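All of the numbers you see were taken from the coordinates with simple rules; none came from a lab. Since the model is a prediction, treat every value here as computed from it, not as a measurement. Neighbour counts are summed over all protein chains in view; Cβ atoms, including those assigned to glycine, are modelled from backbone coordinates with ideal geometry.
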Ligand code: COA
């Protein structure tokens, strides 16, 4: 666990600045001396999700993992989780949609289930963004943290308890606002142009802030409108945990009171694809959300990508 004051020991920042501009107080980072990686966290999330669903690995038909920080590109993280949980019947893949990775995977799983192709999917989101942070860049490194979360989705005959809708969006024209430019096909590590400081997250924070608010509000409004629902029909909201001011602006536009949303960015920072499932897990385990509740989740991230879902638990 790394507090804002810990960061202030080696970069020019302060607890006060980070708290007031972002709402973040501390974050959890992978301890590499203990061998912790994205796989470590995602595996733990997978085991806990299976326990909660009273299922074994063999009962899972598909594993999808949203991550931009896989342990290895090949095999992908979902392949490695499959081996660890004994999901021998599953097909598995990672997908890259940055902070929207969890909802992108969730939407794909939902479609496979709706078409009758599969019965059950394990949907995960996890990152060790600490590995792609420039720890000298105070405008980015204070924002992010490491972690993972996940859900099991399964086919149901219930008219009530189900995924009502998912909506995915992207705008590739805005990709440069949030990127990791080096380290992959265009500028791989072995070419002379490769720069280690460009194999790190680069962000135009102010621009991203505005687009994030606009797109999350639009996405949430659209999914409600298309399903003939109003904000007041929704029992609980989970917004992507990037910045408390972004969440507050979205909540204000959508007219959502604080009591109807879960916040955990103060403890974890922005854990990218892990923010929504970790909030959902905490809200469920605390009893704040319960069976029958209508939940709206909405996220945005690099790509740019953004996504939303309405689900009745
Ligand atoms: N500590 C102290 N000062 C900092 C700082 C830090 N950690 N980071 C930036 N600053 C400074 C800047 O250098 C700037 O100084 P200057 O005025 O002397 O140039 C000043 O604070 C204001 O910077 P600015 O970028 O305008 O701050 P902001 O209020 O827009 O907040 C972010 C910056 C990054 C917190 C905000 O833009 C944000 O959250 N954007 C969205 C980021 C995001 O969500 N990313 C994830 C997407 S999934």
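A few comments on the model shown:
- Annotation: the residues 100, 170, sorted from fewest to most other C-beta atoms within 10 Å of their own C-beta, follow the order 170, 100.
- Fewest-first sequence of 122, 55, 265, 7 by Cβ atoms within 10 Å of each Cβ: 55, 7, 265, 122
- Across the chain the C-alpha pair distances fall into 10 Å bins from zero in the proportions 6, 28, 37, 23, 6, 0 percent.
- Calculated log₁₀ intensity ratio I(q)/I(0) where the Debye formula runs over C-alpha points of region 2-154, q = 0.09, 0.18, 0.19 Å⁻¹: -0.33, -0.98, -1.05
- As a size descriptor, the averaged projected area of the C-alpha convex hull of region 269-313 was calculated at 3.3 nm².
- Translational diffusion of region 162-312, estimated by Stokes-Einstein from the Kirkwood radius over alpha carbon pairs at 4 °C in a medium of 1.567 mPa s, is 78 µm² per second.
- Between region 163-242 and region 14-33, the alpha-carbon center distance in angstrom: 21 Å
- Against the compact-protein benchmark of 2.2 N^0.38 Å, the Cα-based radius of gyration of region 152-192 scales to 2.21.
- Gaussian network model of the chain, springs between alpha carbon atoms under 10 Å - residue of 127, 58, 259 with greatest fluctuation: 259
- Residue order, fewest to most surrounding Cβ atoms within 10 angstrom, among 62, 52, 249: 52, 249, 62
- In the chain, the calculated helix contribution to ellipticity at 222 nm averages -10000 deg cm²/dmol per residue, counting -39,500 (n - 2.57) for every DSSP H run with n ≥ 4.
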